[in-house]
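Here's the structure, in structure tokens; my notes come after.
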Amino acid sequence: MTAVRDDNETTSVPAARCPVCHAAFRRVRRQTYCSPACKQIAWRARTQPTRPPASPVGRRRDHTVYQCGECDARYLGEQWCPDCARPCRSLGPGGLCGHCQEPLTVEELLAGEVPA
């Protein structure tokens with residue numbers, strides 16, 4: 001007995017299910033999807049770029065904690081110390097403490113540190 005060399009007969013399954021829409025279809029050769037549309041949907045899902053982490057809405061400066069080099073006062077979103085009239089240095093992203101309303105950086109909040 002000789003092997004059948006008809007590719008449609010040896011690799012095709014009479015009925016298959018599409019992994020995208022779950023529709024039954026007659027498979028031809030190594031066909032995986034029922035239509036080009038389902039094939040494109042699957043490709044887009046596989047190759048979709050990863051999204052960057054969500055950032056606060058608005059300018060980065062509005063969510064940055066700054067500290068004055070002269071008086072060590074902290075400010076949220078203000079790059080100049082109003083008392084010393086000097087530029088402040090950036091400590092990093094952060095916000096106001098829910099209890100004392102002091103500006104704290106994200107690292108301080110996660111580590112449980114509270115500045116003196």
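Return yes when Gly58 is at pLDDT below 90 and assigned to a strand (DSSP E or B) and no when it is not.
Spelling it out, it is not the case that Gly58 is at pLDDT below 90 and assigned to a strand (DSSP E or B).
Mind listing whichever residues of region 75-116 are over 20 Å from Arg61 (Cα atoms) and within 24 Å of the chain's Cα centre (by Cα)?
If the condition is that a residue be over 20 Å from Arg61 (Cα atoms) and within 24 Å of the chain's Cα centre (by Cα), then Leu110, Ala111 are the ones that fit.
The values are calculated or read from the model by the stated rules, or taken from the named source; none is laboratory data. Because the structure is predicted, anything quoted here is derived from the model rather than measured.
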